[in-house]
Amino acid sequence: VRRAPLRPAGPAARADATLAIDPDPAQLALVRALAARSAERFGLDPSGCFRVKLAASEAAANAIEHGGPAEDGKIHVRAHHTACALILSVRDGGRFATPAPTPGPLGERGRGIPLMRSLLDRLEISTVAGGTIVTLTKYR
Amino acid sequence: VSPAIDDAGAGGDRHVVTCRGELDLHTAPDLRERLVGAIEGGKQDVVVDLTEVTFLDSTILTVLMQRRRELTDRGGRLALVGVRPEVRLIFEIAGLDRAIPDHPSVAAAFAAPRA
């Protein structure tokens, strides 16, 4: 497992938006709205924005379903971008278990991680003190 | 559009589940219960109308694929209606765009010959 950067890479990075949600699936719409806004500001076309929105929703759903809240009872979502990359991170309080193998074409479970990998350019899963951070990157 | 799911019998062993808005982990249990209820009630020809659905996530794909399997095992079928291009993209990325047939209308779905 590669370490995800905990801070934006360099002074060009901008912290665009952060969101702390309860570990409740009803909160996923908020995550999607944040992701879609960030993708639009980054300048992605509608298809790119949709991919970012879906990947962020999958990451947050995983955090809610499998990770659980961080020490403060929340799941933390952060979106920022540099000149060339949009970076979304989701931090939860869980220990990331090895995902199930990629399902076959008609497999019925374990779709979230492969879907996230297909949607964006990079997916990193980092174990940190007190939890896990999933970092999704979309390059321009 | 706030998410909502409705369902109703359509005569005989036909059943229609109509969805709206963004479907995800939050709405998946409702969709699952309605589909399971219909299948356990003997419905064989089940349609999920996605005309007004703008987003769905992998938990919804899982619910649909599981019900498709159950229906196929019982000699029935699951069909979709009105899949929008952005929703089609999700099926394509998951490699499922040919797994469940998509029709332009509920009437067309029921009229399609059973495989």
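The values are calculated or read from the model by the stated rules, or taken from the named source; none is laboratory data. Since the structure is predicted, the reported quantities are computational estimates derived from the model, not experimental observations. We place every Cβ from the backbone using ideal geometry, glycine too, and count neighbours over all the protein chains shown. Calculation scope for accessible area: heavy atoms of the full protein, side chains included, ligands and nucleic acids excluded. Shrake-Rupley method; radii C 1.70, N 1.55, O 1.52, S 1.80 Å.
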**OP:** Could you identify the single residue in A:R78, A:R51 that is within 12 Å of another protein chain (Cβ to nearest Cβ) and either closer than 17 Å to A:V134 by Cβ or not in a strand (DSSP E or B) (or both)?
**Re:** A:R51
Original post:
Do you know which of the residues in the stretch A:52-68 that are in contact with a strand residue (DSSP E or B) (Cβ under 9 Å, 6 or more places away or on another chain) and surrounded by fewer than 23 Cβ atoms within 10 Å (Cβ to Cβ) is farthest from A:P114 (Cα to Cα)?
Top reply: A:G68
**OP:** Six or more apart or on different chains, Cβ under 6 Å: which pairs go from a residue in the stretch A:20-46 that's away from chain B (no Cβ under 14 Å) and open to solvent by less than 10 Å² (accessible area, probe 1.4 Å) to one that's part of a helix (DSSP H, G or I) and of a type in the set (S, T, N, Q)? Could you list them?
**Re:** none
Original post:
Give me the pairs: first residue in the stretch B:86-115 and farther than 25 Å from A:A36 by Cβ, second residue at pLDDT 90 or above and assigned to a helix (DSSP H, G or I), beta-carbon distance under 6 Å, and six or more apart or on different chains, which are they?
Top reply: B:I100/B:R68; B:H103/B:A109
Subject >> Of all residues in the stretch B:53-102 being on the phi > 0 side of the Ramachandran plot and either crowded, with 16+ Cβ neighbours inside 10 Å or of a type in the set (S, T, N, Q) (or both), the one that is farthest from the chain's Cα centre (by Cα) >> reply: B:G95
Original post:
Wholly within the stretch B:7-98, which helices (runs of 4 or more DSSP H) include no fewer than the required count, namely at least 3 residues that are at the interface with chain A (Cβ under 10 Å from one of its Cβ atoms)?
Top reply: B:58-73, B:85-93
**OP:** Please work out which residue is surrounded by the most Cβ atoms within 10 Å (Cβ to Cβ), limiting yourself to the stretch A:73-100 and to residues that are at pLDDT 95 or above and of a type in the set (D, E, K, R).
**Re:** A:D92
